[in-house]
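A.B. asks: Provided herewith is a single structure, encoded as structure tokens, for subsequent inquiry.
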């Protein structure tokens, strides 16, 4: 089964990327894999404190994921898979794509901020040509109705 890989983070544009991935998966018989990356700089403390912070980050990710997963199951009949990795976000996205041969499309949400589309898209843009799969960039401000129309 072809999976749409979408990145879960705290950005506003993440919501539209999740919606797009779920709707495309529902319409094409695919799946959704949700990737959340815990950056290493969050744990540059003593070992015990770092372990506690790592576990708290995982709990926040699971809670955030469940909100999206419930919507995907209830509204799109898609049961998403959660993957949590630790490291630099772009490196971990590329590693996930390379390790899971069922991932067929990377879906990212783009910010409409004047600073640019977001750090992940900006950094990945330097590597788009080397990625073995297509990348879909979903505008962060696109309406739900427009998303439904194009998926």
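A.B. asks: Could you list, in sequence order, the residues of the stretch 64-88 that are exposed (fewer than 14 other Cβ atoms within 10 Å of the Cβ), farther than 19 Å from residue 11 by Cα and touching a helix residue (DSSP H, G or I) at 6+ places or on another chain (Cβ under 9 Å)?
C.D. replies: 75, 77, 79
A.B. asks: Being over 30 Å from residue 101 (Cα atoms) and free of Cβ contacts under 8 Å to residues at least 24 places away in the same chain is the filter here; which residues of the stretch 111-145 pass it?
C.D. replies: Those that are over 30 Å from residue 101 (Cα atoms) and free of Cβ contacts under 8 Å to residues at least 24 places away in the same chain: 113, 114, 115, 116, 143, 145.
A.B. asks: Which residues, counting only those in the stretch 98-123, are over 21 Å from residue 30 (Cβ atoms) and part of a helix (DSSP H, G or I)?
C.D. replies: 119, 120, 121, 122, 123, listed by residue number.
A.B. asks: Another one. Out of (1) in contact with a helix residue (DSSP H, G or I) (Cβ under 6 Å, 6 or more places away or on another chain); (2) part of a helix (DSSP H, G or I), the odd one out for residue 36 is which?
C.D. replies: Here residue 36 clears every test but (2).
A.B. asks: Then there's this: Mind checking whether some residue in the stretch 78-97 is part of a helix (DSSP H, G or I), more than 14 Å from the chain's Cα centre (by Cα) and over 13 Å from residue 35 (Cα atoms)?
C.D. replies: Checked the stretch 78-97: no residue is part of a helix (DSSP H, G or I), more than 14 Å from the chain's Cα centre (by Cα) and over 13 Å from residue 35 (Cα atoms).
A.B. asks: Quick check on the stretch 131-140: of everything there that is touching a helix residue (DSSP H, G or I) at 6+ places or on another chain (Cβ under 8 Å) and either in a loop (DSSP other than H, G, I, E, B) or modelled with pLDDT under 90 (or both), which residue is surrounded by the fewest Cβ atoms within 10 Å (Cβ to Cβ)?
C.D. replies: The extreme case among them is 132.
A.B. asks: Moving on to the next point. Just to be sure before I move on: is residue 66 outside any strand (DSSP E or B) and more than 16 Å from residue 17 (Cα to Cα) in the structure I sent?
C.D. replies: No.
A.B. asks: Looking only at the stretch 4-23, decide whether some residue is in a helix (DSSP H, G or I), crowded, with 20+ Cβ neighbours inside 10 Å and more than 14 Å from the chain's Cα centre (by Cα).
C.D. replies: Taking every residue of the stretch 4-23 in turn, at least one turns out to be in a helix (DSSP H, G or I), crowded, with 20+ Cβ neighbours inside 10 Å and more than 14 Å from the chain's Cα centre (by Cα).
A.B. asks: Across the stretch 36-63, which residue is farthest from the chain's Cα centre (by Cα) among those that are at pLDDT 95 or above and surrounded by 16 or more Cβ atoms within 10 Å (Cβ to Cβ)?
C.D. replies: This residue is 61.
The values are calculated or read from the model by the stated rules, or taken from the named source; none is laboratory data. A quick note: this is a predicted structure, and the numbers were derived from the prediction, not measured. With ideal geometry, Cβ positions are generated from the backbone for all residues, glycine too; neighbour counts draw on all protein chains shown.
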